[in-house]
Amino acid sequence: MKHWISLHREALRLVLDRMWSTKLATLMMLSVIGLTLSLPAGLYLVLDNAGRLAGGIESDPQISLFLNIDASNETVKALDKQLRSHKMVKDYRFVGRDAAWAELKQKAGLDDLAGGLEKNPLPDAFIVHARSNEPETIEQLRQEIAQWDGIDHVQLDTAWVKRLYSLLQVGRQAVLVLAGMLGFALLAVVGNTIRLQILTQREEIEVSQLIGATNAFIRRPFLYAGSLHGLGGGIAAWLLLAAATTLFNFSIEDVARLYASDFRLTMLDGGTILILLGGSTLLGWLGSYLAVSRYLSSIH
C-alpha cells in the first residue's frame, strides 16, 4: 500500500513540476478549457435564473372565472360549492361585480365615464389559485371550469408562463447538446496536448519499457496531467462565470431599481459547481487515457 501511494505521489509531483516549468503554456491551456466550459455553463446559469424568476411568478397560479352578467345568487352558491370541493383548487375568493366596479373606477379614474353608464358592465367573478404550478395541470383545470354552468369566460392570468416554461425546456435541451459537443472538443484538446507531451518524452518512455516499466506506470503521470488540466479548466470556467455574474449585477442594479425590483443573477449552487469541476476533471482524464492508450497500442 505504501509503495502504491509512493508511486502516485511521485507521479503527481512530476506532473506539477512540469506544469510549473511551462507556466505560460499551462495557463493558456487552462484558459482555453475554461472558455470552452464556460459557454454551456453560462447558458445554464442564464436559464437557471430565468427558471427561478418564472418559478417565483408561477408559484401562485391564478385563474379568473367571469360569470354570466345575469348570474343569480343560486348560480354563485353552486359555483362556490364546486370550487370548495374540487381537489385541484388550492383556494379562491369571490369578487362581486359592485366591488370590482368601484375598485376599477378608483384605480383608473373612470368616475366621469361611469356616470354616463346606466348600469355596472362588470360580471361577478371568482379568483382561483391552483394547487399545482405545472402549466399542463393549470390548463386542464381551466378547461374543466370553463364547462361549468354559469361561467361566461375563464382567463388564465399566467398563460404566458406556459410559453416561457416551454422555452426553458428547449433551452435546457440546447445546453445538453452544446455541452456534449464542447465535451468532445475538450477531449480532443486535452488528448492533443497529452499526445504532444508523449512525443517529447518518447525516448524516456522507450527506456522505461526496456527496464520493465508497465503500461500502468507509463500511463500514470499522463493521466494526472490530463486530470489536472481538466480540473484547472473547470476552476477557470467557474471564475469566469463568477466575474461575469458580478459585472452583470453591477450593471443591472440601477435598471432594476427603476422598476422597483431587486433582481440579481444568482451564481451556480454548490452541487452544480461540483458537477462542473468533476465533469471537467473526468473529461481531462478520459482525453489523456485515450491518447496514451492509442500510443501504447501503436508501439506493441
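Just report the Cα centroid separation between the stretch 72-87 and the stretch 5-46, whole Å. The distance from the Cα centre of the stretch 72-87 to that of the stretch 5-46 comes to 66 Å.
Counting Lys and Arg as +1 and Asp and Glu as -1 over every other residue whose Cβ lies under 14 Å from the Cβ of W4, the net charge comes to +2. Cβ-Cβ distance of S251 and T22, R₀ of 41 Å, FRET efficiency by 1/(1 + (r/R0)^6): the value works out to about 0.65. Each part gets one Cα centre, and for the stretch 279-297 versus the stretch 162-201 those centres are 15 Å apart. On the basis of the beta-carbon distance and an R0 of 41 Å, E74 and V46 show a calculated FRET efficiency of 0.20. Among Y44, Y289, the ranking by other beta carbons within 10 Å of each residue's beta carbon, starting with the fewest, stands as Y289, Y44.
Every number in this text was worked out from the coordinates using simple rules, so none of it is lab data. Quantities reported herein were computed from a predicted structural model and do not represent experimental measurements. Positions of Cβ are backbone-derived with ideal geometry, glycine not excepted, and every protein chain shown enters the neighbour counts.
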